[in-house]
Amino acid sequence: GGSGSNMAIYAVTDAGVLCMILREPKTITENNQIPEILWRMDKWVDLKLKGGGYCLSMTEEYLCIGGKKGKVRLFKPEVLEFVGNIPAFKSRDGGNPDAYGCAVAPDSKKVVTLYADRSIVVWDTSDPKGKEIVSLRTLHSHDNAITDIVH
């Protein structure tokens with residue numbers, strides 16, 4: 001995310017920590033040479049996702065992370081402020097399959113998630129702090145694995 005000298009890289013560790021790594025601004029040295037690009041960890045937050053996260057998706061408004069047992073979290077990307085949880089998806093057998101993919105719509109009003117049981121769910125995220133996040137559409141149990149999603 002970001003552009004120019006403030007470009008950010010987001011990563012999720014196995015311990016479930018979301019990290020924001022920023023590129024240091026370039027400065028000209030005394031002999032007019034540009035030094036190596038330096039990166040630093042700027043912010044981090046415990047996602048409370050045991051086993052880490054499996055997927056990331058981002059718009060200017062939301063950073064979405066999906067993980068074990070269908071847990072999906074929303075954050076504000078620039079400050080890593082928690083925004084809300086997408087409800088844990090219940091499969092037809094009553095379990096909570098892992099969330100393997102997520103995509104935030106460009107207007108941030110919907111999030112699409114992919115689950116290990118081959119289901120796809122479209123969620124209404126138009127106002128995650130003001131009202132409950134609800135599913136708009138669920139497509140259950142595709143014949144083959146779904147490996148990725150792009151919105």
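For this structure, a couple of remarks:
- Working value for the range 8-140: equivalent-ellipsoid semi-axes of 34, 16, 12 Å, each the square root of 5 times a Cα gyration tensor eigenvalue, largest first.
- Between Trp39 and Asp127, residue separation times 0.36 nm minus the direct Cα-Cα distance comes to 28.3 nm.
- Given R0 = 22 Å, the distance between the Cβ atoms of Thr138 and Ala88 translates into a calculated FRET efficiency of 0.95.
- Surface share of carbon and sulfur [accessible, 1.4 angstrom probe, percent] for the range 109-151: 45 percent
- The gain in end-to-end length when the Ala145 to Val17 segment is fully stretched comes to 43.3 nm, 0.36 nm per residue minus the alpha carbon separation.
- With all protein chains modelled, accessible area of Asp148 [1.4 Å, Å²]: 110 Å²
- Area accessible to solvent at Lys131, 1.4 Å probe radius, in Å²: 100 Å²
- Surface per residue (accessible, 1.4 Å probe) for the range 8-140, Å²: 56 Å²
- Highest to lowest packing among 8-18, 87-97, scored as the average C-beta count within 10 Å: 8-18, 87-97
- The range 50-64 and the range 73-143 have Cα centres separated by 11 Å.
- Straight Cα distances below 13 angstrom link Lys48 to the aspartates and glutamates Asp14, with same-chain residues fewer than 8 positions distant left out.
- Considering all different alpha carbon pairs of the range 94-151, the Kirkwood hydrodynamic radius works out to 11.9 Å.
- Dipole magnitude for the chain: about 500 debye, using +1 per Lys or Arg Cβ and -1 per Asp or Glu Cβ, origin at the Cα centre.
The values are calculated or read from the model by the stated rules, or taken from the named source; none is laboratory data. The shown structure was predicted, so the numbers you read here are calculated from the model rather than taken from an experiment. Here the Cβ is made from the backbone with ideal geometry for all residues, glycine too, and neighbour counts use every protein chain on show. These area figures cover heavy atoms from the full protein model, side chains too; ligands, DNA and RNA do not enter into them. Shrake-Rupley method; radii C 1.70, N 1.55, O 1.52, S 1.80 Å.
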